[in-house]
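Down below is the structure, laid out as structure tokens.
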Protein chains: 2
Amino acid sequence: MKTPPTFAHKIRHTLALLLAMAGINSFAAEPTVPISLSPDVLRTVEALRAAALADNNGYAVVEDLVTQVGPRLAGSEAEARARDWAVSMLRSQGFAKVRAETFPMAAWQPGSQSARVVGHNAQALSIAALGGSPSTVAGGIEAPVLRLASMAELNALEANLAAGKIIFIDEPMARTGDGSGYGAAVGKRRACAPAAKRKGALACLIRAVGTNTDRFTHQGMGAAGDATTLVPSAALAPPDADILARLVKQALTPVVVHLDIDASTNAQAQSGNVLAEVIGRSAPEQIVLAAAHLDSWTLGHGAVDDGAGIAIITAAARLINELPIKPRRSIRILLAGAEEQGGIGGTAYGKAHGQEQHVIAAESDGGAGKIWRMRTRVAVSALPYSQALQRALAPLAINAGDNLLNKDGGGTDIDAITEQGAAIIALNQDMSRYFDVHHTANDVLAEVDLNALRQNIAAWAIALYLAAEMEWQPQP
Amino acid sequence: MKTPPTFAHKIRHTLALLLAMAGINSFAAEPTVPISLSPDVLRTVEALRAAALADNNGYAVVEDLVTQVGPRLAGSEAEARARDWAVSMLRSQGFAKVRAETFPMAAWQPGSQSARVVGHNAQALSIAALGGSPSTVAGGIEAPVLRLASMAELNALEANLAAGKIIFIDEPMARTGDGSGYGAAVGKRRACAPAAKRKGALACLIRAVGTNTDRFTHQGMGAAGDATTLVPSAALAPPDADILARLVKQALTPVVVHLDIDASTNAQAQSGNVLAEVIGRSAPEQIVLAAAHLDSWTLGHGAVDDGAGIAIITAAARLINELPIKPRRSIRILLAGAEEQGGIGGTAYGKAHGQEQHVIAAESDGGAGKIWRMRTRVAVSALPYSQALQRALAPLAINAGDNLLNKDGGGTDIDAITEQGAAIIALNQDMSRYFDVHHTANDVLAEVDLNALRQNIAAWAIALYLAAEMEWQPQP
């Protein structure tokens, strides 16, 4: 999962909330005539649910990905192997039209990196360079640390207080079920390096953007730029941020840190998307798009982010592909490349396929936690169908939540399509534990729970099937 | 905590168990006349318990140690700083006769280390070199992996099957409350490198000796020797062991791993113990010894192993030192150096102080889990006092367990003393989660629970006080 959400999402969400608070519901009206699904469709929904809740295929997909490929940085040789793996895997699952579509990108690559307190409290600090970070000078830099509680404190700081320092933004992240703690905490990951540069600082360290207390640090994209606009930047594992914070608070003289980051950008890298289809029986040109992403960061195995998403949509679509009667519309799997470095795969997909008939799109990129809420962004006239879908998901303990707002923002891999008018289904996962492992070395298979994965597969199978089968026009 | 237990402990324990199974209790008889503690003593016990259960001093001790020093490998500059820290800390706590006693040692030091699968499934593997491992040749070695389920399989292997291979002992560890899973699993850590060398293998990888499923690998002492008797050896993080195991099982051709370990031994290193005392009011020459260890491995901060032990015995002894009337005997704190590399500090202490009157000894080196069981090894005639102590601990939810066997083995730091005749008190901690973090990068302060630490301090304060105050002769 790449975050923060785009600015457009935030505006949309804020607007919808404001309208809701004012009791205004201009975007969506409570539907008055519930629609019913036919007995055949309902039987198929039940069969899909039962099959998914006993599914082993999805788990085998993510297990195989972490085993055969492991970490797969955008634009790397490993990501290319992941594409080959995906093409071969999707073919063996029986999908139609399996193909890779490559695109060029400038790929950031981390090299060696280390940090340590120097002097009479010398000890190593566990760090991860932030995506886009320039290298330090060879041999590293050594400078006093200036601890600040937030980006606001850095922005308000007189430049002469920052000059020559290593800025340390010691801001924690709240644990939330809906992932909103991340949105609040991740800002410093992008903002610190350029702000520190403007203030004349030498580097920026941030407390890792995660909810874990164990000694895993966190990768993730920082700001775009180069050494003329950015200082080198890295995230500290929480226990290391704790130690640095205590040292700074206790010290009578400045605490000095040595920081050494080696990183590079390959301007000529190649990434790519992988596509596969379940071809609709009567309206094959109408596409229900199901997206996840292929690339990962380098510290972990990419099991949760986003091997789980790949497993969920693949296993769900396969169950539909093996139905005796296919749904009316086509279901297309999009495994996007280079999501983590700016949603590049989603953008490339939009360029290549934006003119096709995308009816509705959904993305699985919130880990492997159970789905607790379904939301949509559909035409008001389509809301009775949305509610029929919600009723079909209710036995999986999935709520409608605040879907009256009908304004879900979608996700990175489908933005290009939904911004062109496709409707959105959002199957929101419980993210209360996601940010314990997200972008860390502990993004490993053991963090994928089989039962939760099966619940995801069941919800996706039902949602994709109904989206493709119901006689609705969901585009808003 | 250094393990495995010495051979002598194992024999003793096994013998005691066999006797118990046979209904024979030759070592200890159920005492017939319970002794009672005086009202004054009982009031003091209650006061110590209440003070300990509100104690913040112990937590501050371990917090300060990980902050000011952090990792402190035996024989290193950091361990020397830890001694300075300990002397200063114990003086500020108000103890008498605070002093460091140094001794020479040959200190193993890990350098850079890496491992990766090579070829079409290339990915990095997370490893930690085992203590005592020689370096690989410069640039590392590259060889096919031979996966075995246990040391028994390696020992039974025909040499021509091992020659030129990297041996991978893929044996898991059981989670147990009493730490016995570790005893069963740790054998390979010492045995693999020499056995692999004898068979002509090039290196040995073991599944990390821990109960964690997250991506932390595990350090710990391997076998003694050098490159003529040992192959380089390292422990794999559990998720990496999982991946390597699956690759080996699936592969049609051998899985090749590149392994690069740099390590050295400083034959002229110095370590040291730190001592401090609560001087007894009427029999100061009689010593109740309370031990923990100062050194740690390098990956983590040494909060749990054994910062917690240092905090527990220090805070407990301080509460006794501040009583209006000191106990009859002296209580001596021993913070041992170089425990992890073979109990060298405990041995040095035995040499320097073995002729003093050690009445009874206890060690805190099982992490920060609550104490669930008290056992002793005392003279049969002293068992009524043992039981009085057990009754005083019962309000802390501490059981007598199988103390009729009266054969606890003590611990590394006190072996030299107890083998010379001192009695033993063992306050056994709940170790069900200890081996999730033991010797890993995640041995951090967040793994120390304040309430559990306070319960430990309360039990230790009561046990040390009664051991020093009661009119008993516990030596067996």
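The values are calculated or read from the model by the stated rules, or taken from the named source; none is laboratory data. Note that the coordinates shown come from a computational prediction; the quantities given were computed from them, not determined experimentally. Virtual Cβ from ideal backbone geometry, glycine too; neighbours counted across all protein chains shown. Heads up: the accessible areas ignore ligands, DNA and RNA and are worked out on the full protein's heavy atoms, side chains in. Shrake-Rupley method; radii C 1.70, N 1.55, O 1.52, S 1.80 Å.
Results, tabulated for the structure shown:
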{"quantity": "Lysine pair count for chain A [Cα-Cα under 28 Å; pairs on different chains or 8 or more apart]", "calculated": "28"}
{"quantity": "Low-density loop positions, GluC sites (Glu not before Pro), the stretch B:75-152 - DSSP coil, at most 12 other Cβ in 10 Å", "calculated": "none"}
{"quantity": "Position A:Glu153, label points 7 Å along Cα→Cβ, spacing to each other copy in nm (shortest first, one decimal)", "calculated": "5.3"}
{"quantity": "Shielding score for A:297-306, defined as the mean number of other chain Cβ atoms within 10 Å", "calculated": "1"}
{"quantity": "Gain upon complete extension [A:Gln355, A:Glu322; 0.36 nm per residue less C-alpha separation]", "calculated": "9.0 nm"}
{"quantity": "Relative contact order computed over the stretch B:127-242 (Cα-Cα under 8 Å; 6+ residues apart), in percent", "calculated": "36 percent"}
{"quantity": "Position B:Glu356, label points 7 Å along Cα→Cβ, spacing to each other copy in nm (shortest first, one decimal)", "calculated": "8.1"}
{"quantity": "When the stretch B:108-204 is reduced to its Cα atoms, the Kirkwood hydrodynamic radius in Å", "calculated": "14.7 Å"}
{"quantity": "Principal-axis tilt of helix B:308-321 within chain B, Cα atoms, nearest 10 degrees", "calculated": "10 degrees"}
{"quantity": "Coil-residue GluC sites (Glu not before Pro) of the stretch B:270-348, DSSP, other Cβ within 10 Å capped at 14", "calculated": "B:Glu322"}
{"quantity": "Environment charge at A:Ala241 (Cβ cut-off 9 Å; Lys +1, Arg +1, Asp -1, Glu -1)", "calculated": "-2"}
{"quantity": "Values of log10 I(q)/I(0), in the order q = 0.05, 0.07 Å⁻¹, for the protein assembly as shown under a Debye, Cα-only, solvent-free model", "calculated": "-0.35, -0.66"}
{"quantity": "Cα-projected label distance for A:Ala397 with A:Ser264, points at 7 Å along beta-carbon direction, nm", "calculated": "4.9 nm"}
{"quantity": "Convex hull projection area averaged over all views, the stretch A:343-476, Cα basis, nm²", "calculated": "8.4 nm²"}
{"quantity": "Residues in the stretch A:244-266 that, when all protein chains are in place, have 30 Å² or more less accessible area than the chain alone would give (probe 1.4 Å)", "calculated": "A:Arg246, A:Gln250"}
{"quantity": "Two-site FRET efficiency, B:Arg175 against A:Ala251, from Cβ-Cβ distance with R₀ of 56 Å, rounded to 0.05", "calculated": "0.85"}
{"quantity": "The stretch B:347-476 - percent of accessible surface contributed by carbon and sulfur, probe 1.4 Å", "calculated": "48 percent"}
{"quantity": "Rg(Cα)/(2.2 N^0.38 Å) for chain A, N = residue count", "calculated": "1.01"}
{"quantity": "Identity and axial distance of the chain A residue whose Cβ lies nearest the axis relating A to B, Å", "calculated": "A:Asp214, 4"}
{"quantity": "Beta bridges per DSSP with both ends in chain A, % antiparallel, nearest 5", "calculated": "55 percent"}
{"quantity": "Magnitude of the charge dipole, the stretch B:233-311, Cβ model with Lys/Arg +1 and Asp/Glu -1, debye to 20", "calculated": "220 debye"}
{"quantity": "Under 13 Å, Cβ to Cβ, from B:Trp85 - net charge with Lys/Arg +1 and Asp/Glu -1", "calculated": "-2"}
{"quantity": "Accessible area expressed per residue, the protein assembly as shown, with surrounding protein chains retained (probe 1.4 Å, Å²)", "calculated": "35 Å²"}
{"quantity": "On Cα atoms only, tilt of A:57-68 relative to the major axis of chain A in degrees", "calculated": "30 degrees"}
{"quantity": "For the stretch A:244-316 and the stretch A:341-400, distance of Cα centres in Å", "calculated": "20 Å"}
{"quantity": "Magnitude of the charge dipole, the stretch B:124-255, Cβ model with Lys/Arg +1 and Asp/Glu -1, debye to 20", "calculated": "120 debye"}
{"quantity": "Share of carbon and sulfur in the accessible heavy-atom surface of the stretch A:91-130 [1.4 Å probe, %]", "calculated": "52 percent"}
{"quantity": "Rounded tilt (10° steps) of A:7-21 against the dominant C-alpha axis of chain A", "calculated": "70 degrees"}
{"quantity": "Size of the A/B contact, given as accessible area buried on both chains, probe 1.4 Å, in Å²", "calculated": "2400 Å²"}
{"quantity": "Candidates per GluC sites (Glu not before Pro) in the stretch A:441-474, loop by DSSP, up to 12 other Cβ within 10 Å", "calculated": "A:Glu471"}
{"quantity": "Computed helical MRE - 222 nm, the protein assembly as shown, DSSP H runs ≥ 4 contributing -39500 (n - 2.57), nearest 500", "calculated": "-10000 deg cm²/dmol"}
{"quantity": "Inter-label distance for A:Glu153 and B:Val380, nm, one decimal - labels placed 7 Å from Cα along Cα-to-Cβ", "calculated": "6.7 nm"}
